[in-house]
Each structure stands twice: as structure tokens, then as C-alpha cells.
Amino acid sequence: MLKARHPLAIVFFPAYDWAISPTHPERQERLLYTQDQLREEGVFDIAGITELKPELATATDVLRAHFCFPDVAAVTTTSHLISAGGAIRAARTVLDKEAKRAFALVRPPGHHAMKVVHGARGFCNINIEAVMLEWLRDQYGPLRAAIVDTDCHHGDGTQDIYWNDPDTLFISLHQDGRTLYPGTGFPLELGGPKALGTTVNVPLPPGTSDEGFLFAMREVVMPLIEDFKPDIIINSAGQDNHFSDPITDMAFSAQGYARLTEMLGADIAVLEGGYSIQGALPYVNLGLVLSMAGLDYSHVREPDFDAAKVRQSAKVTGYIEDVCRDILKEARHPRGPGKGDVVAGWFTRRKTLYYDTDAITEYQTEAVRLCDHCRGVVKYETESTRTPLCLGVEAPIGACEKCVEEAYRIYEAGQIKGEYRHLQLIDRVGKNYATYTG
Amino acid sequence: MLCGIDVGGTHTDAVLIGPDGVVACAKLPTNHDDLLASIREALASIAAVAGPAAVTRLTLSTTLTTNAIIEGTADPVGVLVSGGPGIDPAAYAMGAYYHVLAGAIDHRGRQTGALDLDAARAVINAWEAAGVRAFAAVTKFSTRCPDQELALEALLAGRCDCVSLGHAFSGRLGFGRRIATACLNSAVWRVYNRFCDAVERSAAELGMAGASINVLKADGGTMPLSVSRTLPVQSILSGPAASVMGIIAVCDIAEDSIILDIGGTTTDIAVFAAGAPLIENEGIAIAGRPTLVRALRTRSIGVGGDSAITVSREAIQVGPRRLGPPMALGGPVPTLVDALNIQNVIAVGDPRASYQGILAVATANGFEPEEVAEAAILNAVNQIRSEVAAFVREINDRPVYTIFELLEGRQVRPTRVYVMGGPALALSALLQDAFTQEVVVPESFAVANAIGAALARPTFSVELFADTASGRLTIPSLGITRQVADNYSQAAAEGEAATSLRHYLASIGAEAEDAPIETVELSSFPMVEGQTLVGHNIRVACQVRPGVSAAYKQAVSKSC
Ligand SMILES: [Zn+2]
Ligand SMILES: [Zn+2]
Ligand SMILES: [Zn+2]
């Protein structure tokens, strides 16, 4: 009988009674065939593989990672709290050493959800990896974490949340933003002034197949992880790079995903996108599970897989080699923060964000205090076509006394001024999460 | 009248029950090498009291197939499988005759790789020449499309004694379980059928030709002997089910409860939800191999009357090993029974031997013998309590797949603990201290397991799978595969599953009123391609839950 070399916990929650709309890619059917495949393969009978039930993330768990306007209840549903809770359950199992690794095979996904949430973007409301990681840091103390996003879409939400966090290395591999939603994730997006080089983007051209992905992993992702020395590696395991995915243009295979997974050796994987629910997900997820558990995955392939038919062109190979070389150089020696202005000791960015799923437009100013003693307090002034001007202030983990004071001063002054409809404070030092409606 | 015979490892128990209660019962030592002799003897002693004509239904629970599998005396089986993409089927190899053929079926039941029939023919020829007479044919996802298994069956026609097809056992998924189930079924086929012949002959010789003969299964239900001839694997591991069905018959269990059966080497734990025993999600494992054979959900720990006591300065522990009988009965090391003996809770054998034994291990570690005895008893009770708690937690923590179930799913909250077995009464006061639930010790009934066998009802389950996009419907365990219209609905599917199950039960002679059918799974997924709804993926599971004949239950019920 089979025995996992790395004991693996799988939190499987297909949310069979939840859909964005009946024919939306995020619908009841999405993980049905994956479950069929895993059960038929007897994955849960393998010694060392256990199936766990998700828990429900709380509003506080969400407020630790996000500014939600008008409030948590308005921008989440139970399904989002279960999905995030599934990721939390997976992570807890690893940190408590009940399993070596864990895979949260849950939906809906989260990597397009940014720090400020007004609604749903790219099928995501809350960032389940961020809710999970901040829960981990709250429970187990400061952790250096690497998040590697292998979804086909740029993980713009995760990037936004960790933009100013030097203790989180965020690397996204994705189809070039010039050819796919959300249209971001270029090599010069490298993080905020206090976290330069801990955001890394590897845009890959349409048609990239196993060779290209594994090249980028070997030449960029793994060396940067080695430099960073994380305590924990998290994989945002989107599966829409698959050659059969209906909404993307890449040529990755189940074998390729399994090999990438083996190379990365993530402690925790969290499912993100992936909408070829019959032709890809059953095989990709099986490959991921076997690879994470340290089992033979060499027989896992799509029934119609023909490597020669999907293999990337020589031109694509050459392009990827050039891009990867440049990216590694930029990430190791960033040339200074990108777009933004320094105003009275604060580094300020202005963003206009579109929530495609909910058709909301948000206008936001993010400002981080340039502090010599810590990462600096961060504040967000934001309004959207749905909600009037709101304020979010965060004293991050490790904030100095001055920055914590500053966070409270801004939050209280904002209440008195009366120009904000909703205000939210995140104090990671004092573990205080407050909201106020003016 | 109903007759039940439970052939256990040590004893063979028999009972005859009439409308007014137990008419006759017998307890005989089991002849391990000749189970039929034990059954004949038990039947003869029943016939001697009530006359052979009195028996209208006979139900057997035997260890025949279990022993053959565990002791490796079953026949070699030629196992033909096709796997397609996924885990290497070599991982599920069984025996010396196991061959993986090219061929593949996907999760929707589409053939994505042709079965290599030429290779199959060559393998069958070679195995036939080697003297293999029993075969199994199993393909991945054969529950969604049995065609490749049926093609292999056709190749084998007339060339062997039996062919077990994977999809015939269950509609549940699990390729490795399906392989093990089909293979074991063929392995015990010959020995089981010979046994059935002999049982029928014996019944006729004893003048019981009019009695219907049934066999107890691990899920606490019965099946007619004639049906069991093609599904002998369904008769494995029925022993614990006999005991559990016995307590259902004797006690009126209506709420969530725990059943503890404290034996010589183990304590067996079963859980009841609203008075019905819980069934294993997937199937029971035998000889280390998980199967698709349905079974009651039970758990066993190595704490029993004969469990050895180990003493160190740090800890005093009971079990999990049994190294012989208690010292009071001439055993080599002190056991739980010896501890109970010196605390005057029971009086078994020679209490002085118990005392000497415990005194020796106590002195060696700087304890008083009473201290050791007390700590050992407490340890046994605590182990049982924490195992029960873990079991209930595991049941309540089972994965669910809908938001509704996650938020509203029923939780099992036992309110009573029923304790049976030798040390039951002795431990009841301590168990009452350990459990917050009410502890009940049913009046001792030496042949409760035989009563369980006698009164058990037939059980069966069907899984229906309909894919209206591809126009296919299967009910694997009934061998049904048919076309289905694109307007086929979830309600129609539920109706068809229940009707098919009812017809099957009628065809094997089960009384309908005795066998309420319940739907345990019902789902319908809209299937979308592009932006278009192309059909529905419908899954239904119906079952007849284990239970006892209502008409006779009254006759044996006691106040518990
Ligand atoms: Zn990505
Ligand atoms: Zn995506
Ligand atoms: Zn500071």
C-alpha cells in the first residue's frame, strides 16, 4: 500500500451549494470532477494523507488582513469565510506539526483581493492566503514567508497587501499583463520603499509550456527563495496556466504542475483559479497532491495530452530566458521604488482600481510613513462608486512606538474631522482591530 | 420462528426466537477447522428442542471467508485491471497473477483509451495454463461505464469458475478498493460455495428444507444465501455486526448512544445516531486492504479483561497486548481481571494468584499492590473514555462539502453508554464516573449476538449516476446501464434509485415493510460548457439501513 513520504493534510471544500452565477466559472460544478478523481484514485486511503474540514474564519481574521468598507459583512459571504477558514485549517495543521504539508483545496479563490476591499474583483472578495498568513503570524509570532503565486493571472491582490512588507517575499508567475486580466505584474513592480525586492513579477508570454515555467522556477523563483530564507513557503496554486483552460492562453500540463510543486516544496498550497474543470483540474490536483506527499506522479497526465502539440516555440523560449535574467537582476538590485511621491515624510501612491466582478471603481491613496525605526504606519484614503470616502490605518507587525501612536492619532483625528464615512484601524502590535462609522 | 447462528472465534452461539421470545438457545465451542460441523451441531441442538419444522428463517454469521482471507488459504486470482492516467495501478497489485492493461475511462465515464484485448487474451491464456480458475476484472471509473469490465468478462466466458467485476460491488468510487473487493470475492468464491452447498445439505438432512437461509454482513444486514454465492466477500467480518444487532434487538435504543463491548482482548466501540448504528463511510479493511464492503462503523482498542498490565515508576498501563489469560486463571502476567479481582470488584479463578502477581510488579517499582490495581483499572477506564471521545469527535469532524452541511450538519451527541461483555458490570460504576452520559449495563444475555443474527433485516444500497449531457445512466451494483433523456431530473433519479432498490429487494424475497428505503445522497450539478447549460450531473444514493424485524423485536426486548 502507498504511504506518503511527506504526511499531507488536504482541506477539501468544494462548496457544492455556492456559485457567483449559474454559468459563471466559479460555480457548483467546479471541483466536482476533481473530487471524483481524488476519490477514485483512493487518495484519502493513502497512509499519511488525511482529509480535514475547514473552519470558519471570523470577522477579526478578515480585519487583520484587510480594510473592508463599509464592513466585513457587506463584502463577504459565508463561502468566503469558509474558504479562508479552510486555508487557516491547513496552515494550523502544518504549524502544529500534525502534517508536514497541507493543501487547501477550497473555493472561492482570493488572490485578486487587495488590502482595501469594496467588493469582488476577479472572482475574489477576501485574500485567503493573506487572511491565513496574518492569522499564522498572530498565533505563532513573526514569520518570514514566501508566497509563490502560480496562477495564470497576476496575483495583484496579494502583491498589494504585501507591497510594504519586507518579511513577505511575493513572487507571481503569470501570463503577461498586456494579454490578460488584471493587466499588471510587470518586472519593475518590486515593492514599496521599505520592501524593495520582496515583490517579484515574472510575466510569461502566451503559449509558455512546461519548459518555460520550470525554467522560471529554476532560474528566478528558487534562487530568490534561497536568498530570502523564509520560515514558511506558501503556494497560491492556481491551475489556469493549463493548456486546456478556457480563459487563458498558456500551455502548462499536469506533469509540469507536479514538477513545479516538487521543486518549490511548499509547506502550504492554497487553490486559486483554474477553470478547465474536466480536462485539467482532476489531473492537476491529483499531480499536486501526489507531488506534495512525495509520491510517484509519473503516471498522472491528461487523457488527451500530447507534449509536442503544446510545446512552446523557440521564440518563446528565448524570450523567457531574457526576461528571467533581467528579473533576477532587478529583484536582487532594485533601482528604487516605482511610481509614487514623497510628501512630508510619507511615500504616497494613487491607485484607481476596478472591481470587474461587482462593477465598482475605487479611487485610493496609499501612504506609508518613511520611518527610520520600523516599516512605518500605512494609511489608505479610499472611495468607490459604492461607498463614500473611507479611511484605513495600519500599525504593522514590529511598528515602533512612534508609528503606533501615529496610527491612533490619524484614526482618532479622522473620526473628529468627520470627512470619512467609515474608518478602520489595524494595530498589529496591540492586536486591536477597530472600526468606526461617521 | 427465526433461528440465528453466530460462529465466533471461540464459541458458536445459536438461538431460536418465536413470537413470544427465545424458544431455544445453545452455546458450543467452535471447531475452527470444521465450521460446518459447528453449525450442524448448533442446528441439531435447536431442532432437538423445537423440532426442525419450526425454523422458517435461518441466518448465519460465520468467519469462513474472513479466515480464508486472513490465513491466506483462499484461491489464487487472475486480476486484470486497466487504469489510465493517475496513480500507477502497480500500487494496488494483489497476488501473483496481476496484470495492468492499456485502457482508460475518465471521471465522466468516457472511454479515453481503448482496452488492449489482445494483451488480455494472451495473459488469460498464460494464467489458464498455470491453473488459475478464479478471475477479477476491474477498471478505473467502471462505476461510470462498465463496458471495459464487461468486455473482459466476455473474454473469460466459459474459461474459469468465476469472474468478479469491480462495478458489481458498489457504485462508490475507489479504484484500489474496487480491485481488492473483486479480487477477494473471487479468492473465496470456491471455498464459500462449497460451504453453501454443505449448509443447504445439512439443513435439508435435519428437516429444515423449508427454511430460508440468509447470511449476515458486516453492515448488520442480511442477504439470502443464494445471493451471497456470487458476492461471498460481503460475508466478511460480520462478527461485530452480530453483537451490535443483538443489542439493538434486546434494548430499545432511540437516541444518540455509544455501545461498548468489553471483551477479553479488546473493547469494541460502536456509535448510534438516533438509534441507528453508523455505517463506515467507504468500506471495511481486511488483511490491511481497504475494500468497498459496507460495514458498521466501529473502532477497537486493546483494552480487555485479559489485557496485560505494565508497571513502571512513571506509569501503569493496561494493554494493548494480551500475553495470556489472567493470573487468576493460570496466566503468565497480571491483567485487568487480576486488578479487578484484588479490588474485590469481581471474583474470578484464584484471587490469591492475582494478588501475588500484582504484588510482584508493585514491589519491584515501589508501589502497594492496591495502588497498582486501582491505577490499572483507572487507566483502562480512561483509555476507553478518551477513545470514545476521539471517535465521536472524528465522526462530528467528518468532511462535508456544502456550506449548508458545514453550518447545519447534524452532530452526534451521545446521551447513553451501553456496556456489554465480561467485565461490563464490574467496570460500570467506574465508567459512570468517567462518562457524563448515563451508563447502562443491559441484563446479561449470553447469546445476544445470535439474537442479532436471527432478527437482522436485509440491507442493500444503490448508487445512481446520471449524466444527461452524455445521456448515460448507471446503477452499478444492479448492473443497470441505460440511455437517459436530457430532461431527466433529480426527482426522477431519486424515484428510479428507490424503485430499483425496492424491486431488487423483492426479487431476493425481502419484505418491503421491513425494509424502509432512505435517500442518503442526492445532488444535481448543472453542467456548463462555455456559457451554455449542457446537462445535469445527478448523483443519488439510496439504502436500507440495518435494523431488526419489528415483529420479533417485542419478543426479545428487555428494559435496558
Ligand atoms: Zn500568479
Ligand atoms: Zn487565475
Ligand atoms: Zn516607525
Semi-axes a, b, c in Å (a largest) for the range A:1-109, each sqrt of 5 times a Cα gyration tensor eigenvalue, come to 28, 20, 7
I want the antiparallel fraction of DSSP beta bridges within chain A, as a percent rounded to 5.
40 percent
Using the Kirkwood radius over C-alpha pairs as Rh, can you work out the diffusion coefficient of the range B:460-544 via Stokes-Einstein at 20 °C, viscosity 1.002 mPa s, in µm² per second?
161 µm²/s
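If you take the beta carbon distance between A:THR60 and B:ILE508 as r and set R0 to 60 Å, what does 1/(1 + (r/R0)^6) give as a FRET efficiency, to the nearest 0.05?
The formula returns an efficiency of 0.55 here.
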Volume per residue of the C-alpha convex hull in the range A:341-437, rounded to whole Å³:
105 Å³
Beta bridges by DSSP in chain B, antiparallel share as percent, to the nearest 5:
70 percent
I need the trypsin sites (Lys or Arg not before Pro) found in the range A:268-355, filtered to DSSP loop residues with at most 10 other beta carbons within 10 Å of theirs.
A:ARG335, A:LYS339
Does anything in the range B:128-142 have its amide N under 19 Å from the 7 Å Cα→Cβ label point of B:ALA287, and if so which residues?
B:131-138
What's the extension gain from A:ASP304 to A:THR77 if we count 0.36 nm per residue and subtract their Cα-Cα distance?
78.0 nm
Go ahead and estimate [θ] at 222 nm for the protein assembly as shown from helices alone: -39,500 (n - 2.57) per DSSP H run with n ≥ 4, summed, over the residue count, rounded to 500.
-10000 deg cm²/dmol
Please report the base-10 log of the normalised intensity I(q)/I(0) for the range B:77-187, using a Debye sum with one equal scatterer per alpha carbon and no solvent, at each q in 0.13, 0.16, 0.23, 0.24 (1/Å).
-0.39, -0.60, -1.33, -1.46
Mean separation of Cα contacts under 8 Å, 6 or more apart, over the residue count of the range A:3-332: relative contact order %
19 percent
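Below 8 Å between Cα atoms, with a sequence gap of 6+, how large is the relative contact order for the range B:225-383 in percent?
15 percent
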Over the whole of A:74-86, what's the average partner chain Cβ count within 10 Å per residue? Rounded to a whole number, please.
1
In a Gaussian network model over chain A where Cα atoms closer than 10 Å are linked, find which of A:ASP138, A:ASP45, A:ASP156 has the largest mean-square fluctuation.
A:ASP45
As an exercise, identify the chymotrypsin sites (Phe, Trp or Tyr not before Pro) in the range B:122-212 lying in DSSP coil whose Cβ has no more than 11 other Cβ atoms within 10 Å.
none
Fraction in percent of alpha-carbon pairs per bin - 10 Å, the range B:260-402:
12, 35, 26, 18, 9, 1, 0
Pulled fully out, how much extra length does the chain show between B:GLU518 and B:ARG413, if you take 0.36 nm times their separation in residues and subtract their Cα-Cα distance?
35.6 nm
Explain nothing, just the number: dipole magnitude of chain A about its Cα centre with +1 on each Lys and Arg Cβ and -1 on each Asp and Glu Cβ, in debye rounded to the nearest 20.
680 debye
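From the P(r) of the protein assembly as shown, could you give the percentage of C-alpha pairs in the tail past 45 Å?
For the protein assembly as shown, the fraction of Cα-Cα distances above 45 Å is 42 percent.
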Cα shape, the range B:395-468, gyration tensor, a/c 1.5 rule
oblate
Any idea how far apart A:GLU226 and B:ALA151 come out in nm if each label point goes 7 Å out from Cα toward Cβ?
4.9 nm
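Given a Förster distance of 25 angstrom, what is the FRET efficiency for B:ASP397 paired with B:ASP88, based on the Cβ-Cβ distance and rounded to 0.05?
Efficiency, rounded to the nearest 0.05: 0.20.
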Using Cα springs under 10 Å in a Gaussian network model of chain A, which residue among A:GLY398, A:GLY192, A:GLY85 shows the largest mean-square fluctuation?
A:GLY398
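Report the extension gain between B:LEU329 and B:THR310 in nm, rounded to one decimal, defined as 0.36 nm multiplied by the number of residues separating them, less their alpha carbon distance.
Separation in residues times 0.36 nm, less the Cα-Cα distance, equals 5.0 nm.
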Roughly what would the spin-label model give for B:ALA50 and A:TYR363, points 7 Å off Cα along C-beta, in nm?
9.0 nm
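Let me know the charge dipole size of chain B about its Cα centre in debye, to the nearest 20, where only the beta-carbon of Lys, Arg (+1) and Asp, Glu (-1) is charged. It would help to have the intermediate numbers written out before the result.
Numbers: 40 positive and 55 negative charges, 170 e Å.
Magnitude of the dipole: close to 820 debye.
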Calculate one ³J(HN,Hα) per residue across the range B:413-427 by plugging θ = phi - 60° into the Karplus curve 6.51 cos²θ - 1.76 cosθ + 1.60, and present them in order as whole Hz with x for glycine and proline.
10, x, 10, 9, 10, 8, 10, 10, x, x, x, 4, 5, 4, 8
Protection proxy (average C-beta count within 10 Å per residue), highest first, orders B:89-101, A:259-271, B:498-510 as A:259-271, B:89-101, B:498-510
Roughly how compact is the range A:3-332, stated as its Cα Rg over 2.2 N^0.38 Å to two decimals?
0.90
Along Cα→Cβ, 7 Å out, is where each label goes; now give me the distance between the ones at B:LEU425 and A:PHE186 in nm to one decimal.
8.7 nm
Cα centroid distance between the range B:95-126 and the range B:201-254, in Å?
36 Å
Pop out the ³J(HN,Hα) list for the range A:62-77 in order, Karplus 6.51 cos²θ - 1.76 cosθ + 1.60 with θ = phi - 60°, rounded to Hz; leave Gly and Pro as x.
6, 5, 6, 10, 10, 9, 10, 10, x, 7, 4, 4, 6, 10, 10, 10
With both partners inside the protein assembly as shown, how many of the DSSP beta bridges are antiparallel, as a percent to the nearest 5?
55 percent
I need B:VAL345, B:VAL244, B:VAL138 ordered by Cβ neighbour count within 10 Å, fewest first.
B:VAL345, B:VAL244, B:VAL138
Among the aspartates and glutamates, which have Cα under 15 Å from the Cα of A:LYS402 when same-chain residues fewer than 8 positions away are ignored?
A:ASP372, A:GLU394, A:ASP427
Shielding score for B:521-532, defined as the mean number of other chain Cβ atoms within 10 Å
4
Kirkwood Rh in Å, taken over all unlike Cα pairs in the range B:79-142:
12.3 Å
Zone of B:ALA126's modelled label, taken as backbone nitrogen in the range B:88-109 under 14 Å from a point 7 Å along Cα→Cβ:
B:96-102
Expressed as a whole number, the average count of other chain Cβ atoms within 10 Å around the Cβ atoms of A:289-299 is 2
Relative contact order [Cα under 8 Å, 6+ residues apart], chain B, whole percent:
15 percent
Using the count of nearby Cβ atoms within 10 Å as a rough guide to exposure, how do A:PHE186, A:PHE228 rank from fewest to most?
A:PHE186, A:PHE228
Can you pull a Stokes-Einstein diffusion coefficient for chain B at 20 °C (1.002 mPa s), Rh from Kirkwood over Cα pairs, as a whole number of µm²/s?
84 µm²/s
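No value in this document is a laboratory result; all are computed from the given coordinates. A quick note: this is a predicted structure, and the numbers were derived from the prediction, not measured. Using ideal geometry, Cβ is built from the backbone for each residue, glycine included, and neighbour counts are taken over all protein chains shown.
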